[in-house]
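Asker: Okay, here's the structure, questions in a sec.
Please treat every number below as a calculation from the coordinates, not as lab data. Everything numeric here is computed off the predicted structure, so don't read it as measured data. So basically every Cβ, Gly included, is an ideal-geometry build from the backbone, and we count neighbours across all protein chains shown.
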Amino acid sequence: GATYSDTAGASSCKQCPTAIEHVGLVTDYWYWSSNGVHDMVYGCRASFSEYTTTGSYAYSCRYCGGDYGVNDGCGDDWCTNVIDGTVCAASYYNPNGNNQIWAASAADLKSNLCVSVGAGNWSGSGATAPTQCPAGYRDGPAATSQSGCAKNCINQSIAGGTNVPVSGTVNYPNSCEYTTVCNDGYNQSSDGVCSQLCVSSPAIHIGYNGGMCYGILESGSGNGINLEYNGQTYHTGR
């Protein structure tokens, strides 16, 4: 129990002191002894539990003048973390496994616990290692789930124009979507190709020399291609 006796032959034990600071974080008082003898006040321990944005922590401190070492009241190494009580929040992980960590203060202790998984990685709550995002989706910051892994969508140069992304980023497993923007002097055909605008309308776009071009239509019949449109005959001109 959380008792000790520093007087030989005493008829009863003394209760270990209670914490002066961080009282609301105390979960238990107890005594540590390597030989089972509770004979000094400095064997008294207090356990603390705290939740922050990076995770929840359970740690214990040796008594030293009333604060149980929470604020480094008696030098180095009086606070130790109970790793089994550490649960890191999503996008963080616990790199220490099941090993104990000694620290000079609670602040020093917590700074060495939950670590960000870093850009291009993700983790759920309670992770002990980061998980790398799928290939092609490693452009975003630390994510809380695989669906938070992101890909940057960039402009794609095409003949006569540019494919411009609809969104700057997409999350896994979505693909980048694009809209085509043609350069000056080009027009977008029905199949999304930027074709050079050779002449003004009325015209017909035709394949020529490996590319797409608009040819002018002249009224009346001719030696080229003849088209019937809206009750009139047109033929391809030069």
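Asker: Taking H as built 1.01 Å from N, whose amide H comes closer than 5 Å to the amide H of Y31, not counting residues under 5 places away?
Answerer: Counting only residues 5 or more places away or on other chains, the set is R45.
Asker: To continue, here is another question. Collect residues whose amide H, placed 1.01 Å from N in the peptide plane, falls under 5 Å from the amide H of Y186; neighbours closer than 5 in sequence don't count.
Answerer: L197
Asker: Please list, ordered by chain and number, the residues whose modelled amide H lies under 5 Å from the amide H of N152; skip anything fewer than 5 residues away on the same chain.
Answerer: D139
Asker: Here's another thing I want to ask about it. On a full-extension model of 0.36 nm per residue, what is the gain between V41 and N174, subtracting their alpha-carbon distance, rounded to one decimal in nm?
Answerer: Computed gain between V41 and N174 is 41.7 nm.
Asker: Apply the Karplus curve 6.51 cos²θ - 1.76 cosθ + 1.60, θ = phi - 60°, to the phi angles in segment 51-62 and return the couplings in whole Hz, x for Gly and Pro.
Answerer: Going residue by residue, I get 10, 10, 5, 8, x, 10, 10, 10, 9, 10, 9, 7 Hz, with x marking Gly and Pro.
Asker: Set the Förster radius R0 to 22 Å, insert the Cβ-Cβ distance between A135 and I158 as r into 1/(1 + (r/R0)^6), and round the FRET efficiency to 0.05.
Answerer: Once rounded, the FRET efficiency stands at 0.35.
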